[in-house]
Amino acid sequence: AQKVTQAQTEISVVEKEDVTLDCVYETRDTTYYLFWYKQPPSGELVFLIRRNSFDEQNEISGRYSWNFQKSTSSFNFTITASQVVDSAVYFCALSWNNQGGKLIFGQGTELSVKP
Amino acid sequence: DTGVSQDPRHKITKRGQNVTFRCDPISEHNRLYWYRQTLGQGPEFLTYFQNEAQLEKSRLLSDRFSAERPKGSFSTLEIQRTEQGDSAMYLCASSWNPASGPYEQYFGPGTRLTVT
């Protein structure tokens with residue numbers, strides 16, 4: 001069965017600290033897709049990144065970076081020099097080809113960045 | 001470029017009443033999804049459409065729930081005989097899905113349902 005686990009329920013950091021959000025996934029499919037979404041207090045889910053299972057290259061976008069490791073079934077998300085505006089709930093999600101692209105979400109990690 | 005819109009944003013109803021929500025996807029997107037999110041949880045898949053065809057329904061979707069997407073444009077989600085357990089945020093998302101695999105889904109602001 002497909003499953004996404006985000007073991008960290010809440011993380012609190014002080015502004016400018018680096019923070020890593022963990023995501024571990026389970027799937028029997030060899031072709032799958034991983035996503036990160038941000039849900040700020042306003043409630044609307046915001047797409048951050050999509051990765052294919054056959055592309056393990058890490059990605060950096062500004063202060064955000066993602067580390068995809070198939071060997072450990074992990075897709076971790078790091079925010080460098082965190083800012084108060086990064087405070088939100090972050091969700092990792094999994095999709096695969098045979099199920100119409102529906103997303104299976106983790107429980108989410110609530111990140112609080114204090115000034 | 002407008003995103004996904006949902007209406008209403010909030011709905012308070014009494015147990016036993018019927019409610020209907022509307023979702024307008026991004027215009028060029030061929031897939032439309034409905035999810036439900038309760039407090040402290042990630043969204044859970046309910047159903048999805050490719051154009052006007054409803055291709056999958058979750059076991060979470062009881063017989064009291066029905067969804068439509070006439071003409072492959074906007075979609076409606078109806079809940080009949082609402083129960084207190086239906087209280088949740090109902091999220092709509094849309095995406096463009098070519099043969100190469102699922103693309104990212106873009107979410108609307110959600111409809112928060114409170115059943116009293």
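The values are calculated or read from the model by the stated rules, or taken from the named source; none is laboratory data. Since this is a predicted model, take the numbers as computed values, not measurements. Neighbour counts run over all protein chains shown; Cβ positions are idealised from the backbone, glycine included. Side chains are part of the model used for accessible areas, which takes the heavy atoms of the whole protein and leaves out ligands, DNA and RNA. Shrake-Rupley method; radii C 1.70, N 1.55, O 1.52, S 1.80 Å.
At 1.4 Å probe size, with every protein chain present, just tell me what the per residue accessible area of the stretch A:1-86 comes to in Å². The partial results should precede the final answer.
Working: 4570 Å² over 86 residues.
Per residue, the stretch A:1-86 has an accessible area of 53 Å².
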Rg/Rh for chain B, where both radii come from Cα atoms and Rh is the Kirkwood radius: 0.96
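Solvent-accessible area per residue for the stretch B:37-116 at a 1.4 Å probe radius, Å²?
Details: 3710 Å² over 80 residues.
Accessible area per residue, the stretch B:37-116: 46 Å².
In debye, nearest 20, what is the charge dipole magnitude of the stretch A:22-96 about its Cα centre with +1 on Lys and Arg Cβ and -1 on Asp and Glu Cβ, if you could check? Walk me through the numbers on the way to the answer.
Values: 6 positive and 8 negative charges, 9 e Å.
Around 40 debye, computed over the stretch A:22-96.
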Can you send over the carbon and sulfur percentage of the accessible area for the stretch A:42-115, probe radius 1.4 Å, protein chains only? 46 percent
When the accessible area of each residue in the stretch A:54-102 is compared between its chain alone and the complete protein assembly (1.4 Å probe; ligands, DNA and RNA ignored), which residues differ by at least 10 Å², being lower in the assembly? A:Phe91, A:Asn97, A:Gln99, A:Gly100, A:Gly101, A:Lys102
Where Rh denotes the Kirkwood radius from the mean inverse Cα pair distance, what is Rg over Rh for the stretch A:33-115? 0.97
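What is the mean number of Cβ atoms from other protein chains located within 10 Å of the Cβ atom of each residue in peptide B:105-116, rounded to a whole number? Write out the running numbers ahead of the final one.
Working: counts 10, 4, 8, 2, 4, 4, 0, 1, 0, 0, 0, 0.
Mean partner-chain Cβ count within 10 Å for B:105-116: 3.
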Identify all lysines with a Cα-Cα distance to B:Lys57 below 27 Å; exclude those on the same chain that are fewer than 8 residues away in sequence. A:Lys3, A:Lys38, A:Lys102, B:Lys11, B:Lys14, B:Lys71
Of the stretch A:82-105, those with amide N under 16 Å from the point 7 Å along the Cα→Cβ vector of B:Arg112 are A:89
Roughly how big is the A-B contact, given as buried accessible area in Å² (both sides, 1.4 Å probe, nearest 100)? 1800 Å²
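Let's see if you can work this out: charge +1 on each Lys and Arg Cβ, -1 on each Asp and Glu Cβ, no other charges. What is the dipole magnitude of chain B about its Cα centre, in debye to the nearest 20? Provide the component values of the computation, followed by the final result.
Values: 14 positive and 13 negative charges, 95 e Å.
I would put it at about 460 debye.
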Enclosed volume per residue, in Å³, of the convex hull spanned by Cα atoms of the protein assembly as shown: 128 Å³
For chain B, with all protein chains present and a 1.4 Å probe, just round the carbon and sulfur fraction of the accessible area to a whole percent. 45 percent
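For the stretch A:1-79, what is the Kirkwood hydrodynamic radius in Å, using each pair of distinct C-alpha atoms?
Working: mean 1/r = 0.0730 Å⁻¹.
Hydrodynamic radius (Kirkwood, Cα only) of the stretch A:1-79 equals 13.7 Å.
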Taking a spot 7 Å from the Cα of A:Ser73 along the direction of its beta carbon, which residues of the stretch A:19-33 have an amide N less than 20 Å from it? A:21-33
